[in-house]
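Note sheet for the following structure.
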Amino acid sequence: MTKRRLSARIFLFCALPLCVTALRATVARADDQPDRTHRIGKKLKCMCGGCNDTAATCYHVGGNFSGPCGVATGMLKEIDQQIDRGDSDDLILQFFTQKYGSVVNIEPPHTGIGRIAWAMPVVYLVVGTLLVFFIIDRWRRRSAAVAFAGAPGEHVSPELLEHARQRVARETED
Amino acid sequence: MDVFGSFALLLAFLCAVYAFVGGIAAIRTRHPLLIKSARQAGIATCALIFLATGTLVYLFFSDSYWVAYVVAHSNRDLSNFYKVAALWSGQEGSLLFWSFLLSIYIFSVLIAYRHKNGELMPYVGVVLAGVQIFFLTLNNFVASPFKVLGVAGAHGTFDIFTRADGNGLTPLLQYPEMVIHPPNLYSGYTGFTIPFAFALGALLARYPGEKWIHLTRKWTMIAWCFQTVGILLGAHWAYAVLGWGGYWSWDPVENASLLPWLTGTAFLHSVMMQEKRGMMKVWNVWLVFTTFLLCILGTLLTRSGVVSSVHAFARSSIGGWFVGFLIVIFVVCFAAYAKNSDYLKSENRLDSIVSRESSFLFNNLILLVSCIAVLSGTLFPVFSEWLSNSRISVGAPFFNKVNVPIGLFLLFLTGVGPLLAWRRTSTESLKRNFGWPLIIGILTGVTLLIFGIREMFSLVCFSLCAFVTATIGMEFFRGARVIRSRSGASLFSSAVDLTMRNTRRYGGYIVHMGMVFIFIGLAGSAFNHDTQKEVKIGDSMRIGPYSLVLQSFDSIPEKNYTSERMIVEVMRDNKPLMMLYPERRFFQTNEQSGTMVAIYSTLREDLYVVYAGQSPETQLPVIHAYLNPLVKWIWLGGLVVVLGTIVTLLPNRRAVLVLSAAEQRADAAAVAQSLAPSATFREGHD
């Protein structure tokens, strides 16, 4: 079988069904949007005190009930009232920040100490990547040095040869 | 019986202390009888913990309402099935259950290696006994599950007081998955103790070579598999019970379970570098130490209440003990490393950046960055309060923004890493292995874009899923085709044969395929949609292609609760499809309620229907309906991951040349001549 036919089969059997399922499942709803109250609610932390959920999703597990959290429902109603008054999203969020403090925002702010939270993952990634490249560079230099030391003409003992054979066998076996 | 349980726990503590002290003495003196007695003390500790756990289970089944823990977590009407779950529903019982699962692992290790690895096992035994001493201290002196209710008698005596009934089990745990989710997760947490004990033991003993890695590989795989299943079962429980339409909310306790999983996954990959190339010895030892430390940290986060979590059942003042234990472990690990670091010297060399080694380095980088980012995000509210006196919330949107790009890069490496060669990958090999998968990935992305998908991360995720699926598919197809050409078997049988000949490699591919399924499910969450409506009987509401018609709404008294249940008919294209029964249960004993979500699940999407209570204004029942695309792929992916892990744990089959019957009758010379063209393969186990 040619490479082209092989790949075509793999596409048909593996990728195509995936593609079709993803399309059928997602295209129909690409234009739907959650309503504005819930969208704003998802930016606010539920202040029930027993969870880390948003006002739009809190179901207060472990409290004395499970179901739509009363505090979250109250917060959503407050958002509704402000929307009815014609307030903008930013104004509504500011109202909640004034009422509860910065803790009500579900995301850290991009100002003050909140910047540290956003910067941390980037710092980890940058430092980690630099470290990996540094390690790779060091290991490559070491490998080059060993290759140079073992240049042609050097005597290879049978023990060394056997050791090398065993190593090759180990490293090539998956 | 409670006295019997208490006594068994106390005796277990004493045996563990003997196993620890006797083990150290045995290591110093090398006396064979002392080594044997320390090991037997370890086995006795486990047996006694089994007895204590069995006793507590018996107390639940016999409705012993003079035992405080039984009163707090059970009642007479509770079914026997959930009385088992009551064992780990509270602080004291869950700590005993932790000791119980740890004992199963330790018992298995001590029995399996009783005649092997004589130099290493005393060290391993001492480390395991040390961990057991900590948990038995909690079980005996801090959070005993066998405390009884009592009242002060007239003459200063203590009279045991028996309650007529218990408080009952929290409704959230009265769900079948809750009977298997905690045991799986705990088995993951406790299972990582075994590689930790072997790593620390090997370091302390300066045990030569990579043997400890070979010895612990299966244990690590088992622990990792339990952790994976535990996390997914927890996610499924949250999805099916809580009624908020999601499965992962980045709650601190959920994060705590993810942290050791991430480092454990990193270890399972980087360990291959040590096995194949003798590289990264220091890194691997510290990865194992870190994984175990994160298991303990996770328990600390769960139980201390230091961060606000929905898992309120776990809050207690026990955190200080775990902080102390963490410090002790870290000091011991660091001291062992400082003393024996020369033993971990390795020949780290790399021929090319385009190699399997590099891909493992990046894999470890990504997993570790994700782990540290999740950890720092989880603890950030506490730090912010310390630093600025104002608590800053770090919720799901933050974790999603940070982890989605990381996850996508990891998915990319899942496709690339296994097909890169050790040491160096040639350009020709790159073209051969990745040319078509890359085209397939790009084509998938372009097709989805043309059909209107605009969610960038989902688009990239689907493309990468197609890419990884193609790389894995090609690997199986190429190998199976070679076997088919020699054996004449079908392509599927040849693929199975191929897998069984190198279970570790092809089992690994199956695990990767499971992860692809999980990513498909996660990518679908960008298209979740929900709507809510008050409905009268006969009213309908629409969501996506479905119409929901309320057929009835009533209240039904059951043995342990009262159910408010809706019967909702689901129509699609004006044709009846099925009936759904969302309900809310009110448990009279503890005056709590629980949601029972009704889900119509297909590979394409989940129709998720919640009875959201009655409207306070109109008293009409409210239906909250969600349409969640592709969720089923996550649970399916979990099953595939388990299947792949089981395959990796199987021994390789060896291909054996077996002659056909006709050839057996022929003489030796004829056989020799006919061998090459007509030989067939049969398998035999190693």
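The values are calculated or read from the model by the stated rules, or taken from the named source; none is laboratory data. All values reported here derive from a predicted model rather than from experimental measurement. Note that we place each Cβ from the backbone using ideal geometry, even for glycine, and neighbour counts take in every protein chain shown.
Worth pointing out:
- The number of residues in segment B:206-258 being within 30 Å of B:ALA26 (Cα to Cα), among the small types (Gly, Ala, Ser) and modelled with pLDDT under 90 comes to 1.
- Filter result (of a type in the set (S, T, N, Q) and more than 14 Å from chain A (Cβ to nearest Cβ)) within segment B:481-492: B:SER487, B:SER490
- Of the residues screened, B:HIS155 is not one that is in a helix (DSSP H, G or I) and out of contact with any Cys (no Cβ under 7 Å at 6 or more places or on another chain).
- Scan of segment B:607-625 for residues that are within 10 Å of chain A (Cβ to nearest Cβ) and either more than 18 Å from B:THR562 (Cα to Cα) or of a type in the set (Val, Ile, Thr) (or both), ordered by number: B:VAL610, B:PRO616, B:VAL622, B:HIS624
- Condition check for B:GLY395: more than 7 Å from chain A (Cβ to nearest Cβ) and of a type in the set (Gly, Ala, Ser): no
- On inspection, B:SER370 does not qualify as among the polar types (S, T, N, Q), in a loop (DSSP other than H, G, I, E, B), at the interface with another protein chain (Cβ under 9 Å from one of its Cβ atoms) and under 28 Å from A:GLY112 (Cα atoms).
- Taken over segment B:162-216, the criterion of being assigned to a loop (DSSP other than H, G, I, E, B), surrounded by fewer than 24 Cβ atoms within 10 Å (Cβ to Cβ) and of a type in the set (Gly, Ala, Ser) is satisfied by B:ALA164, B:GLY209.
- Top-ranked residue in segment B:378-392 [being of a type outside the set (S, T, N, Q) and touching a residue at least 40 places away in the same chain (Cβ under 8 Å); ranked as farthest from the other protein chains (Cβ to nearest Cβ)]: B:VAL382
- Inspection of segment B:105-125 identifies no residue that is assigned to a helix (DSSP H, G or I) and among the basic types (Lys, Arg).
- Considering residues of segment A:76-118 that are out of contact with any Ser or Thr (no Cβ under 6 Å at 6 or more places or on another chain), surrounded by 15 or more Cβ atoms within 10 Å (Cβ to Cβ) and away from every other protein chain (no Cβ under 14 Å) only, the residue nearest to B:SER384 (Cα to Cα): A:PHE95
- Residue in segment B:404-414 that is in contact with a Gly (Cβ under 6 Å, 6 or more places away or on another chain) and closer than 30 Å to A:ILE113 by Cα present: no
- B:SER341 being more than 19 Å from A:SER143 (Cβ to Cβ), part of a helix (DSSP H, G or I) and modelled with pLDDT under 90: yes
- Each residue in segment B:1-10 was checked for being surrounded by 19 or more Cβ atoms within 10 Å (Cβ to Cβ) and either out of contact with any strand residue (DSSP E or B) (no Cβ under 8 Å at 6 or more places or on another chain) or modelled with pLDDT of 95 or more (or both), and 4 of them qualify.
- Test for B:THR29: is it of a type in the set (S, T, N, Q), in contact (Cβ under 8 Å) with a residue 12 or more places away in the chain and closer than 22 Å to B:GLY130 by Cβ: no
- Of everything listed in (1) more than 14 Å from chain A (Cβ to nearest Cβ); (2) crowded, with 16+ Cβ neighbours inside 10 Å; (3) of a type in the set (D, E, K, R), the single unmet condition for B:GLU475 is (1).
- Top-ranked residue of segment B:407-425 - restricted to ones that are more than 27 Å from the chain's Cα centre (by Cα) and among the hydrophobic types (A, V, I, L, M, F, W, C), ranked as nearest to the other protein chains (Cβ to nearest Cβ): B:TRP422
- Residue ranges of helices (runs of 4 or more DSSP H) in segment B:17-97 with at least 3 members under 24 Å from the mean Cα position of the chain (by Cα): B:32-61, B:80-86
- The listed residues are B:ILE543, B:ILE556, B:ILE537, and the only one of them that is in contact with a His (Cβ under 9 Å, 6 or more places away or on another chain) and among the hydrophobic types (A, V, I, L, M, F, W, C) turns out to be B:ILE543.
- Hits in segment A:117-160 (condition: among the aliphatic types (A, V, I, L, M) and modelled with pLDDT under 70): A:VAL146, A:ALA147, A:ALA149, A:ALA151, A:VAL156
- Per-region count, segment B:427-461, residues out of contact with any Phe, Trp or Tyr (no Cβ under 9 Å at 6 or more places or on another chain), of a type outside the set (Ser, Thr, Tyr) and facing another protein chain (nearest Cβ under 9 Å): 5
Okay, residues lined up against (1) closer than 30 Å to B:GLU275 by Cα; (2) crowded, with 22+ Cβ neighbours inside 10 Å:
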position: B:SER370; (1), (2): yes, yes
position: B:PRO397; (1), (2): no, no
position: B:SER426; (1), (2): yes, no
position: B:ARG432; (1), (2): yes, no
position: B:ILE439; (1), (2): no, no
position: B:THR447; (1), (2): no, no
position: B:ILE453; (1), (2): no, no
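- All of B:SER257, B:SER270 fail the test of being touching a residue at least 24 places away in the same chain (Cβ under 8 Å) and under 30 Å from A:THR73 (Cα atoms), apart from B:SER257.
- Selection status of B:LEU294, within 14 Å of chain A (Cβ to nearest Cβ) and at pLDDT 90 or above: no
- All of B:LEU294, B:LEU301 fail the test of being closer than 26 Å to A:CYS69 by Cα, buried (at least 21 other Cβ atoms within 10 Å of the Cβ) and touching a Ser or Thr at 6+ places or on another chain (Cβ under 9 Å), apart from B:LEU301.
- Among the residues of segment B:1-38, those identified as among the hydroxyl-bearing types (Ser, Thr, Tyr) and more than 17 Å from B:ASN140 (Cβ to Cβ) are B:THR29, B:SER37.
- Exclusive hit being closer than 29 Å to B:TYR175 by Cβ, surrounded by 15 or more Cβ atoms within 10 Å (Cβ to Cβ), more than 7 Å from every other protein chain (Cβ to nearest Cβ) and modelled with pLDDT under 85, set A:CYS46, A:CYS69, A:CYS51: A:CYS69
- Going through (1) within 14 Å of another protein chain (Cβ to nearest Cβ); (2) more than 18 Å from B:VAL179 (Cα to Cα) one by one, B:TRP237 falls short only on (2).
- Residue match in segment B:109-124 (condition: small (Gly, Ala, Ser), within 25 Å of the chain's Cα centre (by Cα) and surrounded by 20 or more Cβ atoms within 10 Å (Cβ to Cβ)): no
- Hey, B:SER352 surrounded by fewer than 20 Cβ atoms within 10 Å (Cβ to Cβ) and part of a loop (DSSP other than H, G, I, E, B) or not: yes
- Considering residues of segment A:101-116 that are assigned to a helix (DSSP H, G or I) and of a type in the set (A, V, I, L, M, F, W, C) only, the residue modelled with the lowest pLDDT: A:VAL103
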